[in-house]
1. Helix 26-71 versus the longest principal axis of the chain: what angle, 0 to 90°, nearest 10, using Cα atoms?
2. Whole-Å semi-axes of the stretch 201-339's equivalent ellipsoid, largest first, each the root of 5 times a Cα gyration tensor eigenvalue?
3. Applying the Karplus parametrisation 6.51 cos²θ - 1.76 cosθ + 1.60 with θ = phi - 60° to the phi angles of the stretch 100-113, what ³J(HN,Hα) value in whole Hz is obtained for each residue in order, glycine and proline being reported as x?
4. Kirkwood-based Rg over Rh for the stretch 178-272 (C-alpha set), two decimals?
5. Give the aspartates and glutamates reachable from K226 as a straight Cα distance under 13 Å; neighbours fewer than 8 places away on the same chain don't count.
6. Helix-only estimate, please: 222 nm mean residue ellipticity of the chain, summing -39500 (n - 2.57) across DSSP H runs of length 4 or more and dividing by its residues, to the nearest 500.
7. Cross-link list K109/K213; K109/K139; K61/K213; K61/K112: which exceed 29 angstrom alpha carbon to alpha carbon?
8. Just the number, please: Stokes-Einstein D of the chain in µm²/s, Kirkwood Rh from C-alpha pairs, 10 °C, 1.306 mPa s.
Amino acid sequence: MNTTSENPCNMDLLSRGGGYRRAFTMAEILLSLTIIGVVAAITLPALTGNINERTWNTQRKALYARFSQALTLMPSLSGYGTYQLADEATSTSAVDTAAETFVTEGLSKVIKINNICDHGHLEDCGIVTSYTNLAGNIKTWPTRLSEMNSLFTSTFNNGPNGSGGTEFTNPQKDINTFAAAFETQNGESIAVYYNPYCQSDMGETNAHYSQPKMCANFIYDLNGNKGPNTVGKDIGFITALYPSDPVVVAPVPLAQNVSGTKKQAEAGNECTNMDNESRLPNINELSAMFYNRELIGITSGTFWSSSVMSSGEAGTAWYQTFNTGNRIPYPRSNTLFVRCVKR
């Protein structure tokens, strides 16, 4: 008799080479789940961070494109609203409608806006009370121009705009307008810091202060009051310089300077060596970084721009001071600090 044909158990044993079916033990299952959990815990934050970074980059570029196009449609960026300092001698009260009027009468005509808030109600437009700057420090969100950068009301008003400029005289002295804010249809929250007396590019060849060149500075939060509320992630800035034919820039600085000081001719390569997706900012981008120095965490130092007045190692290029606001031409063969921006 062929026992294998009559005994299914024997057939099962033979089909498996005479072995026995073996199941996983509970200990093995728990060990496997533990390993999977550890791997997930290690990789998931990095994966989520990469996804968020790509999302923020895409949204940031789209926002910049919309602003660049819209601001060039405005006939002028200066002159909106009223900014009047109090005068006890004439019993004149202070009046400040500049930033809010710039939004209501200017920006709202060229950009779709859902909600507008004055300086006392910035939070109603999704503006948070505090944020983390690029240096990792917790800072209070500015509600007026002097809180964004105190040098709009001090240093540059105390003398001439460099050796070849003229004094930044009244009514342009002591500019300290309140911020306004608005929300876009895409959910971004944006605070506006406005200079109604901004000056044009005069083709300066001598040192001059950069503060009068700023018309409007926009500090944005890509997802409103949701986290992480950190510069370089969901928070950044867009700056419009010059009232007519405005230049709109939105540099995204790297978190650290290039090590040491460098010649201007070497600075661009140093940026690439530091991060192959970075470059040296031009003078307008560097001025925008100075305006937003509290967001970046740089309050002093002199930094090279990529803007060259005359080529060759013996030529000159522009640099920006972060402790006064001056833009100064300087021999390219000399050394200064370098802060790079993402492409």
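Every read-out reported here was derived from the displayed coordinates using simple, explicitly stated rules and does not represent laboratory data. Bear in mind the structure is a predicted one, so any value in this text is a computation, not a measurement. In this analysis, Cβ positions are derived from the backbone assuming ideal geometry, glycine residues included, and neighbour counts consider all displayed protein chains.
1. The answer is roughly 30 degrees.
2. Equivalent-ellipsoid dimensions as semi-axes: 25, 19, 12 Å.
3. Values, residue by residue: 5, 5, 4, 6, 6, 9, x, 4, 5, 7, 10, 10, 6, 10 Hz.
4. Here Rg/Rh amounts to 1.04.
5. Qualifying aspartates and glutamates at Cα under 13 Å: E123, E188, D234.
6. Calculated from helices alone, the mean residue ellipticity at 222 nm is -8000 deg cm²/dmol.
7. Working: K109/K213 23 Å; K109/K139 32 Å; K61/K213 24 Å; K61/K112 17 Å.
Table pairs above 29 Å Cα-Cα are K109/K139.
8. Values: Rh = 22.9 Å.
It diffuses with D of about 69 µm²/s by this estimate.
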